[in-house]
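Below is one structure, written out as structure tokens; comments come after it.
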Amino acid sequence: MLTDMDISSRASLKNITEIGADLGLLPEEMMLFGHTKAKVELSVLQRLAGQRKGKLIIVTAVTPTPHGEGKTVTSIGLTQSLNVIGQKACACIRQPSMGPVFGIKGGAAGGGYAQVVPMQEMNLHLTGDIHAVSSAHNLGAAAIAARLFHEARLGKTEFEAQSGQAFLDIDPNEIRWHRVVDHNDRCLRQIHVGLGDNNGPEYGSRFDITAASELMAILALSHDLADMRARIGRLVLALNTQGQVITAENLGVAGAMTAIMADAIKPTLMQTLNGSPCLIHSGPFANIAHGNSSIIADDIALRLADFVVTEGGFGSDMGFEKFCNIKVRQSGQAPAAAVLVTTLKALKANSGLVTEVDSNAPNIHVPDQARLEAGFANLNWHINNVARYGIPVVVAINRFATDSDAELQWLMEAVNASAAFGCEISDAFSQEEAGAIALAQTVVRAAEIESQFKLLYPDEASLEAKLSTLAEVGYGAAGVSLSIEAKQQAQQLTALGYGHLPLCMAKTPLSISHDPSLKGVPKDFVVPVRELVLHAGAGFITALVGNVMTMPGLGLKPGYLKIDIDAKGEIVGLG
């Protein structure tokens, strides 16, 4: 079979204006970036304000493994097949970060014959949204440093006289806004700034990856430009020496930060291999952020299509949980159904009968009923986890060429005896839209059921109660333990009036628990919360669990080793 890159480069693409017109966009509602992508103007929401909305389908997965479960492949394949069976469908997915593209995970355009094209344009820069987020974020960091410098240099009276601005009295030890870059770079996890004459005061800082920026979360959760402007104004950048919050509005930088992101708020329209529309917008990771594409993209697509297929990052304990408890809380748009992606290899790797070293070995492809049955417990946990939110769940088995027919049959029977609405094998990777017809038909039937969507915890619960609920109900833990610092932060955040916010758990995606070595369905573990981080503009509080990092590092054999330009000027090695 051809590589993803070969398939993308050989594809016969429609002009993006034709894709937009078929979706229902007017010419003036598309800002063109060449022939293959266009920004969608938010004026379309005003034009379609009274339009009936379609049904939202959320795609999630079992606990991820090194083999790749094919969640984006399934999302794109399902969208293509829904259009083939007569349902007008649009996909809404996140923009890939260059960190994973050049690191280990690779791109995020799907794969095989179920991908967004041109895949190289999607995986590298696209229309510049992530760069805009980086620039706006770093402007906020520079503004804090500059204000700190000038206030320390002049003192209160002289500063106010010369600048015409209020003296903020920033505490250098309480600066909450650091810097970001869209690359994996572990040496930037801890830095010291302000070194040298006339550059201080000195203080400790760090870089996060841009996907972890609160501005990325704001981009994903805003309803319109005015909402984004208000959210950026609420960003808590630091505390003053009296322990009071200093916001981007207080600093006077919120307007400029918004101006940098004025075009980034517009989703980017692209197409799949069969010409189905796809809106790409925002790129928050699901392990350190909320892991879903934007409310705006969903809203536009829902007013133009019968079905909108979106996805949450990693397993259902990660992006799906955050989709429900963070995104739906703010959008008010509950899903009609969920698709849970699994593979035979994923279940064997999650069986607990295979070590992390062995999980990459060739024998993971070999039929092994004992491993499969043991690994089914992980899938069953995720089925029940999705079902607890009150929506029907369809299991999609993403088929690989090495899969055993007997094992596939056993798995389908096991799923059909579970709490799942149904189960279908997906061959979208190798057979394009024809490979997911049965899945599309089953999803349509599932979406006809009246959803009984419910949240995991109420707004009014205390932060400690929300953490306990997420750990015990959301992960099956025995409990949660807060560090001394986290306990103090919970008290402080509650006193400052932020206790009503939902939680965004930043933990490993490689286990339902906090420990990546605990496979299958872990029990009797306690979730260690080391720190609570306020994201007032995005509207949630992040709980940092275990040793999860907000700045990834490059591995021994990073993906950039394969990426190059050939003699024709074409990018090679992406996938």
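Could you do me a favour and compute the accessible area per residue for the chain, 1.4 Å probe, result in Å²?
Spelled out: the 1.4 Å probe surface of the chain, per residue, equals 37 Å².
Within region 444-547, list the chymotrypsin sites (Phe, Trp or Tyr not before Pro) lying in a DSSP loop whose Cβ has at most 15 other Cβ atoms in a 10 Å radius.
Passing both the DSSP loop test and the Cβ count: Phe453.
Mind checking the full-extension length gain between Ala478 and Arg186? Use 0.36 nm per residue of separation minus the Cα-Cα distance, one decimal, nm.
The span from Ala478 to Arg186 would gain 101.9 nm if fully extended.
Relative to the longest principal Cα axis of the chain, at what angle does helix 71-84 sit, 0 to 90 degrees, rounded to 10?
For helix 71-84, the angle is close to 60 degrees.
In whole percent, how big is the carbon plus sulfur part of the accessible area of the chain, probe 1.4 Å, protein atoms only?
Taking all protein chains in place, the chain shows 52 percent carbon and sulfur surface.
Just want to confirm a number: the relative contact order over the chain, from Cα pairs under 8 angstrom separated by 6+ residues, in percent.
So the answer I get is 21 percent.
Amide H to amide H, which residues 5 or more places from Ala61 or on other chains are under 5 Å from it, using H placed in the peptide plane?
When sequence neighbours closer than 5 places are left aside, the close amide H contacts are Ser316, Val341.
Could you give the nm distance between label points at Val366 and Arg153, where each point is 7 Å from its Cα heading toward the beta carbon?
Roughly 7.0 nm, to one decimal.
Asn173 versus Ser12, label points 7 Å from Cα toward the beta carbon: distance in nm?
6.9 nm
What are the lysines whose alpha-carbon lies under 21 Å from the alpha-carbon of Lys37, with same-chain residues fewer than 8 places away excluded?
Lys14, Lys88, Lys266
Quick one: go through region 265-288 and flag any residue whose amide nitrogen is under 20 Å from the point 7 Å out along the Cα-to-Cβ line of Leu26.
Taking a point 7 Å out along Cα→Cβ of Leu26, the residues of region 265-288 whose backbone N falls under 20 Å are 266-269.
Please go through region 422-502 and write out the trypsin sites (Lys or Arg not before Pro) that DSSP classes as loop and that have at most 13 other C-beta atoms within 10 Å.
Hits after loop and neighbour filter: Lys454.
What residues from region 171-186 fall in the zone where the backbone N is under 12 Å from a label point 7 Å along the Cα-to-C-beta line of Ser163?
Of the residues in region 171-186, 171 have backbone N under 12 Å from the label point off Ser163.
For region 278-331, what does the relative contact order come out to in percent, with C-alpha contacts under 8 Å and a separation of six or more?
Here the relative contact order equals 35 percent.
From the cross-link list Lys327/Lys466; Lys519/Lys562; Lys55/Lys507, which pairs have alpha carbons spaced over 21 Å apart?
In this structure, Lys519/Lys562; Lys55/Lys507 lie more than 21 Å apart at Cα.
Under a crude label model (7 Å from the Cα following the beta-carbon direction), how far is Asp566 from Asp459 in nanometres?
It is 5.5 nm.
The values are calculated or read from the model by the stated rules, or taken from the named source; none is laboratory data. The structure displayed is predicted, hence computed values, not measured ones. Don't worry about glycine lacking a Cβ; one is built from the backbone with ideal geometry, like all the others, and counts go over all protein chains shown. All accessible areas refer to the heavy atoms of the entire protein, side chains included, with ligands and DNA or RNA removed. Shrake-Rupley method; radii C 1.70, N 1.55, O 1.52, S 1.80 Å.
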